[in-house]
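The values are calculated or read from the model by the stated rules, or taken from the named source; none is laboratory data. Bear in mind the structure is a predicted one, so any value in this text is a computation, not a measurement. Quick reminder, even Gly has a Cβ in these numbers, built from the backbone with ideal geometry, and neighbours come from all protein chains shown. Protein only, heavy atoms only, side chains kept; ligands, DNA and RNA dropped before computing areas. Shrake-Rupley method; radii C 1.70, N 1.55, O 1.52, S 1.80 Å.
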Amino acid sequence: MEADVPKPSDAEVEILCILWDHEPASVRFVHEELCKKKQVGYTTTLKQMQRMQEKEMIRRIDSDEKTHAYEAILQRDATRNSLFDRLVDTAFRGSAMDMVLHAIGRSTTSPEEIQALKAWLDKMEGKTL
């Protein structure tokens, strides 16, 4: 696991995902996107983003406009890797295979997804031969 990658909370990950997809973005925009999934107060969103700025997860971009835009400092792939490692280590005692089998067993897997998984396994098997 990468030691220098901050470990964002679930709420911080939600904000990061919005910024990764729409950066730069204002607090108002982030708040409106969050409200599509759950009720959250504007001041809560603002405070959360201020804390994330203090933790150096995001940064404010100063502009001539009255509103400030924010962008993510944390990289999507590094953050995902850190979150994945944490999940595997804590919930699946270090077994990525158990996590994958659990995920496949809990959801409806389409024929296309099964075919993609088979193709990936064939590719991985070819690498080890």
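Table: residues versus (1) surrounded by 14 or more Cβ atoms within 10 Å (Cβ to Cβ); (2) closer than 26 Å to Pro6 by Cβ.
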| position | (1), (2) |
| --- | --- |
| Thr67 | no, yes |
| Asp85 | yes, yes |
| Gly105 | no, no |
| Leu121 | no, no |
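For the stretch 46-65, filtering for residues that are open to solvent by less than 60 Å² (accessible area, probe 1.4 Å), at pLDDT below 95 and part of a loop (DSSP other than H, G, I, E, B) leaves 1. In the stretch 51-74, the qualifying residues are those that are out of contact with any helix residue (DSSP H, G or I) (no Cβ under 9 Å at 6 or more places or on another chain) and polar (S, T, N, Q), and the one that is nearest to Asp21 (Cα to Cα) is Gln53.
Could you please let me know if Thr79 is under 16 Å from Trp20 (Cα atoms), assigned to a helix (DSSP H, G or I) and not hydrophobic (A, V, I, L, M, F, W, C)?
Judged against the criteria, Thr79 is a match.
Scanning the stretch 70-87 for residues that are charged (D, E, K, R), at pLDDT 95 or above and touching a strand residue (DSSP E or B) at 6+ places or on another chain (Cβ under 7 Å) turns up at least one hit. Taking the stretch 103-129 as the range and being under 18 Å from Val88 (Cβ atoms) and of a type in the set (D, E, K, R) as the test, only Arg106 passes. Annotation note: of Thr79, Thr109, the sole residue that is surrounded by 12 or more Cβ atoms within 10 Å (Cβ to Cβ), among the hydroxyl-bearing types (Ser, Thr, Tyr) and within 23 Å of Pro24 (Cβ to Cβ) is Thr79. Say we look at the stretch 25-45 and pick out the residues that are closer than 12 Å to Glu12 by Cα and aliphatic (A, V, I, L, M); which of these is least open to solvent (accessible area, probe 1.4 Å)? Step by step, filter the stretch 25-45, then rank; the result is Val30. Restricted to the stretch 87-103, and to residues there that are open to solvent by less than 90 Å² (accessible area, probe 1.4 Å), of a type outside the set (A, V, I, L, M, F, W, C) and assigned to a loop (DSSP other than H, G, I, E, B), the residue that is farthest from Ser9 (Cα to Cα) is Ser95. Pairs linking a residue in the stretch 8-25 that is more than 17 Å from Lys55 (Cβ to Cβ) to a residue that is in a loop (DSSP other than H, G, I, E, B) and not acidic (Asp, Glu), with Cβ atoms under 8 Å and 6 or more positions apart or on different chains, do not occur.
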